[in-house]
1. Sort out which residues of the stretch A:49-86 are in contact with a strand residue (DSSP E or B) (Cβ under 8 Å, 6 or more places away or on another chain) and within 11 Å of another protein chain (Cβ to nearest Cβ), and write them in order of number.
2. Please name all residue pairs, on different chains or six or more residues apart, with Cβ atoms under 6 Å, provided the first residue is in the stretch B:140-163 and is within 14 Å of another protein chain (Cβ to nearest Cβ) and closer than 13 Å to residue B:192 by Cβ and the second residue is part of a helix (DSSP H, G or I) and at pLDDT below 85.
3. So which of A:134, A:183, A:207, A:192 ends up being in contact (Cβ under 8 Å) with a residue 40 or more places away in the chain, surrounded by fewer than 17 Cβ atoms within 10 Å (Cβ to Cβ) and either over 17 Å from residue A:84 (Cα atoms) or in contact with a strand residue (DSSP E or B) (Cβ under 9 Å, 6 or more places away or on another chain) (or both)?
4. For residue B:134, state whether it is on the phi < 0 side of the Ramachandran plot and within 14 Å of chain A (Cβ to nearest Cβ).
5. Considering only residues that are within 24 Å of residue A:201 (Cβ to Cβ) and surrounded by fewer than 16 Cβ atoms within 10 Å (Cβ to Cβ), which ones fall in the stretch A:8-28?
6. Could you check residue A:42 against (1) surrounded by 23 or more Cβ atoms within 10 Å (Cβ to Cβ); (2) within 14 Å of another protein chain (Cβ to nearest Cβ); (3) part of a loop (DSSP other than H, G, I, E, B) and say which number it fails?
7. Among the residues of the stretch A:46-66, is there at least one that is surrounded by 24 or more Cβ atoms within 10 Å (Cβ to Cβ), in a loop (DSSP other than H, G, I, E, B) and on the phi > 0 side of the Ramachandran plot?
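The values are calculated or read from the model by the stated rules, or taken from the named source; none is laboratory data. Keep in mind the model is a prediction, meaning the values are calculated, not measured. A quick note on method: Cβ atoms are made from the backbone with ideal geometry, for glycine too, and the neighbour counts reach across all protein chains shown.
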């Protein structure tokens, strides 16, 4: 098997004196969807924030594209090809939809911007219909589509998304997750999704179970006992 | 009398709106209320006055131009590194920018030979509207304010730097995550804001007189008017400046000059109680 695009070794991270992440080993390969599941407070968000450099890690190593990145700034990691869509609204609220997408492509090459925009509009036709609409007037589901669209425009190789399903109706979650699968298949990007929604099991290639700041298991999705995962890690 | 008050109010508001735009750009984007901005603008005004011998247009450019690096460096060297510290809060920025204002005041006093100046602009004669006549140059000040506002909006929407400014003011965390160099954006915004304050100070110096008191006055008034308009909301800032100009003008006519401040600041308190995010709402999300 090829080398992982992202390799995390025994990282410890947290806020103030508290360590939320207590020694995590993790990896992700090019072109796969990795699900990171766990109950509230397990450390999913902290882990993603540590990967992109929003919080500093106290111990451990992060290798991305065979380079150690734990000492790098958010900007450097972003330029290397990593982007995070945080849990809260990942939009510029007072800009029209199209400008949100254009601004997200700030580090993309000029010649690929139009192509990326076409891909986003193909994936989410509603964004094309509403391209002149101010972003904060969109519905919750449309905002989430815009957020995902902005991640595509950012053209990163590894896209980290923190609980994309939160606050969305089940039907919209299903459609959104199907779109994630399309993104993976058509762009070859690596998607790492922190989730509590069981539907992640339908699209992820591998699942990491996180509990109290530690990885409890890492399995291919088809090898998982779905009922146990739902009960222990998704509050089902 | 009403037309007279209206015209004078509009003109006063137009002049005030220039430092307001400076404050709105700086605070709207960096989140730092720079109370020294009026003094920096006055420094630009004194510089223009000092270089008048090279010709008015070039002197104006020098005066406006010198304020840009002052704002840029103030942000990049002092305020941005400071904002990363855990202890950094609005009180700290208040004290630091006030202190910087006193440093600029000292610099003006030591560099320039006179503490009070007026900048000689060519006069345009009086313009008559009905029974009211006003110095034509005052209308130029109003016109420049409106042009500056439209220019800011166009730059914001049609340039990469402008879109980065807009994005940073609306969602700082997201702007950083998608790869906008937000530190550079902060410095650019601060430089641009100080240059706008200089434009305001130059007009003030041409219409009235310019001294240290004007610097503090323009800075504080600019900040208050920007808050009333809705921080970061540039249209709100202009409307607020015009309204406040008219309030001062009519208060002066009907109640006398001593009541101007009482009425003005009474309205400020009332607006902030009813709508803490200003009359048109704030675009700041941080």
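1. Hits for the stretch A:49-86 are A:49, A:52, A:54, A:77, A:80, A:81, A:82, A:83, A:84, A:85, A:86.
2. Short answer, once both residue conditions are applied: B:162/B:156.
3. Going through A:134, A:183, A:207, A:192 in turn, the sole match is A:134.
4. On the way: on the phi < 0 side of the Ramachandran plot: yes; within 14 Å of chain A (Cβ to nearest Cβ): no.
Considered against the rule, which asks whether it is on the phi < 0 side of the Ramachandran plot and within 14 Å of chain A (Cβ to nearest Cβ), residue B:134 comes out as no.
5. Scanning the stretch A:8-28 gives a single hit, A:25.
6. The single condition residue A:42 does not satisfy is (2).
7. The answer is no; no qualifying residue exists.
For every residue, the table says whether it meets (1) touching a strand residue (DSSP E or B) at 6+ places or on another chain (Cβ under 8 Å); (2) away from chain A (no Cβ under 14 Å); (3) assigned to a helix (DSSP H, G or I); (4) modelled with pLDDT of 90 or more.
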residue	(1), (2), (3), (4)
B:173	no, no, yes, no
B:180	no, no, no, yes
B:191	no, yes, yes, yes
B:194	no, yes, yes, yes
B:221	no, yes, yes, no
B:224	no, yes, yes, no
B:228	no, yes, yes, no
